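Following: one structure in structure tokens, then a few remarks.
The values are calculated or read from the model by the stated rules, or taken from the named source; none is laboratory data. Computed from a predicted structure; not experimentally measured. We place every Cβ from the backbone using ideal geometry, glycine too, and count neighbours over all the protein chains shown. Only protein heavy atoms, including side chains, enter the accessible area calculation; ligands, DNA and RNA are left aside. Shrake-Rupley method; radii C 1.70, N 1.55, O 1.52, S 1.80 Å.
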Amino acid sequence: MSASPATRRLLAAVLAAGALVGAAAVPAAAHDDDRRGHHGRHSSIVIGDVQHESRSHDRDRDRARDNRTLNREWVEVKNTGRGAVNLRGFTLTDQDGNRYRFDHLRLDGHSSVKVHTGNGRDTHRDVYQDRRHQIWDERDTATLRDDRGRVIDTESWGRRGHHDNHRR
């Protein structure tokens, strides 16, 4: 049984359109894979909440030395993905250049760690910078970099209200 010329033309047009759509989709998929290979390993790692302590002019020196006060100031680093990520070599910096470098810390999927300013015992939920002075100001920027120094995420606050710049 043979198809009519009109049916054959319609079938040919449908097949040609499908081939064009398929050919256009292949480079886009390859591009996405390239992007994932370049950034995707850490794309699930972001800065979450930030807690900074406002400084009092009257008690600034006394408060700066109080470890409890220092540990009430923290930046949360979150893994929004399903897989665990080793944060070894990642850094967290403020706008003045104060830097915390993560040692070997495996951050499980859908979990977070708080990076406290003061002294304490590191756990899988809390790590400590062992500083004696506050570093996060009322107006500041936290920048998270991966183990190669590439910016993974930033979070700014205190400039005309809360402002964040997430880079992924």
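Return yes or no: is Arg139 within 27 Å of Asp66 (Cβ to Cβ) and at pLDDT 90 or above?
Values: within 27 Å of Asp66 (Cβ to Cβ): yes; at pLDDT 90 or above: yes.
So Arg139 fits the description; yes.
As an exercise: evaluate Asp146 against (1) without any contact (Cβ under 8 Å) to a residue 60 or more places away in the chain; (2) touching a helix residue (DSSP H, G or I) at 6+ places or on another chain (Cβ under 6 Å); (3) open to solvent by less than 20 Å² (accessible area, probe 1.4 Å) and give the number of the one condition it does not meet.
(1)
The rows are residues; the columns are (1) basic (Lys, Arg); (2) open to solvent by 10 Å² or more (accessible area, probe 1.4 Å); (3) out of contact with any strand residue (DSSP E or B) (no Cβ under 8 Å at 6 or more places or on another chain).
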| site | (1), (2), (3) |
| --- | --- |
| Asn67 | no, yes, yes |
| Leu70 | no, no, no |
| Val77 | no, no, no |
| His104 | no, yes, no |
| Leu107 | no, no, no |
| Gln134 | no, yes, yes |
| Asp140 | no, no, no |
| Val151 | no, yes, no |
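Search segment 97-117 for residues being under 24 Å from Glu53 (Cα atoms) and in contact (Cβ under 8 Å) with a residue 40 or more places away in the chain, and hand back the single one that is farthest from the chain's Cα centre (by Cα).
Thr117
On the given criteria, is His124 surrounded by fewer than 20 Cβ atoms within 10 Å (Cβ to Cβ), within 18 Å of Asp49 (Cα to Cα) and in contact (Cβ under 8 Å) with a residue 12 or more places away in the chain?
Values: surrounded by fewer than 20 Cβ atoms within 10 Å (Cβ to Cβ): yes; within 18 Å of Asp49 (Cα to Cα): yes; in contact (Cβ under 8 Å) with a residue 12 or more places away in the chain: yes.
In short, yes.
Read through the list (1) assigned to a loop (DSSP other than H, G, I, E, B); (2) within 20 Å of Lys78 (Cβ to Cβ); (3) at pLDDT 95 or above; (4) under 17 Å from the mean Cα position of the chain (by Cα), then give the number of the only condition that Ser156 fails.
The single condition Ser156 does not satisfy is (1).
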